[in-house]
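The values are calculated or read from the model by the stated rules, or taken from the named source; none is laboratory data. Since the structure is predicted, the reported quantities are computational estimates derived from the model, not experimental observations. Neighbour counts are summed over all protein chains in view; Cβ atoms, including those assigned to glycine, are modelled from backbone coordinates with ideal geometry. Ligands, DNA and RNA are stripped out before the accessible areas are found, and what is left, the full protein with its side chains, is counted by its heavy atoms. Shrake-Rupley method; radii C 1.70, N 1.55, O 1.52, S 1.80 Å.
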Amino acid sequence: MNVKKIWTETDFEEMGWHDSHIHAISFPNDDLEFGLDIDYLFQWVLDDTSNSYKFWVSPCTLIFFNVLYLRIDIDYQNMNWLDILDINRSNPRLGLDGKTTLWDFEIVTDKGSIKFESSGYKQVVKKQPIFSESQVLFREKW
């Protein structure tokens, strides 16, 4: 499987983040960018012989732009996985410049939600998808 390297908000309707594992979060500072290091599942494949799923999965960086009003409500006291269930986008409107469309985003996870306002995103595919029995591609420790 070969996929394009950059995905943006124009691809929102064809994207789905269900079960994408979050490895790391970077918070906005002067650049107003909010980033997630994730494993993105491009395709689920049912193995008929084992009746289990395998996955085409890639390490990706998902970066939201012009992030304001960031609210995080995550209960991570069990300290295990953090997976995305869905990303919702609503309330399109023009920004103060009269040109930029702003959206309300909600990242629904298995442990709570992340909400913010943003003008859009890009998702950068770090490596082409690999066929894996796991939804999670383990990272080396730094």
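Of all the accessible heavy-atom surface of the chain, with the other protein chains kept in place and a 1.4 Å probe, what percent is carbon and sulfur? Roughly 51 percent of what the probe reaches on the chain is carbon or sulfur.
The stretch between residue 12 and residue 72, if pulled fully straight at 0.36 nm per residue, gains 19.4 nm over its current Cα-Cα span. A 1.4 Å probe run over the protein chains yields, for the chain, 61 Å² of accessible area per residue, whole-number rounding. For residue 17, the amide hydrogen comes within under 5 Å of the amide hydrogens of 87, counting only partners 5 or more places away or on other chains and with H modelled in the peptide plane. Among the lysines of the chain, pairs that are 8 or more positions apart or on different chains and have alpha carbons within less than 22 Å of each other number 13. With the Cα gyration tensor of the chain giving a ≥ b ≥ c as the square roots of its eigenvalues, does the rule (a/c under 1.5 for rounded; else a/b larger than b/c for prolate; else oblate) give rounded, prolate or oblate? Prolate, since a/c reaches 1.5 and a/b exceeds b/c. Each Cα pair under 8 Å and six or more residues apart adds its separation to the average, and for the chain the resulting relative contact order is 31 percent. Coupling constants for the range 119-136 follow from the phi torsions by the Karplus curve (6.51 cos²θ - 1.76 cosθ + 1.60, θ = phi - 60°), and in residue order they are 8, x, 8, 9, 10, 9, 7, 6, 9, 4, x, 10, 8, 9, 7, 10, 7, 10 Hz; glycine and proline get x. Couplings 3J(HN,Hα) for the range 8-13, derived from phi with the Karplus relation 6.51 cos²θ - 1.76 cosθ + 1.60 (θ = phi - 60°), are 9, 4, 5, 9, 3, 5 Hz, where x marks Gly and Pro. Between 26, 50, 118, the residue with the greatest mean-square fluctuation in the GNM of the chain (Cα pairs under 10 Å linked by springs) is 50. Residues whose amide H comes within less than 5 Å of that of residue 100, counting only those at least five positions distant or on another chain, are 95 (H built at 1.01 Å from N in the peptide plane).
Derived scalar couplings between HN and Hα for the range 100-114 equal 8, 7, 9, 10, 8, 10, 9, 9, 8, 10, 6, 10, x, 9, 10 Hz in order, rounded to whole Hz, by the Karplus curve 6.51 cos²θ - 1.76 cosθ + 1.60 (θ = phi - 60°), x for Gly and Pro. Summarising the amide proton neighbourhood of residue 82: residues at separation of 5 or more, or on other chains, whose placed amide H is nearer than 5 Å comprise 22.
The calculated FRET efficiency for residue 90 paired with residue 136, based on their beta-carbon distance and R0 = 30 Å, is about 0.55.
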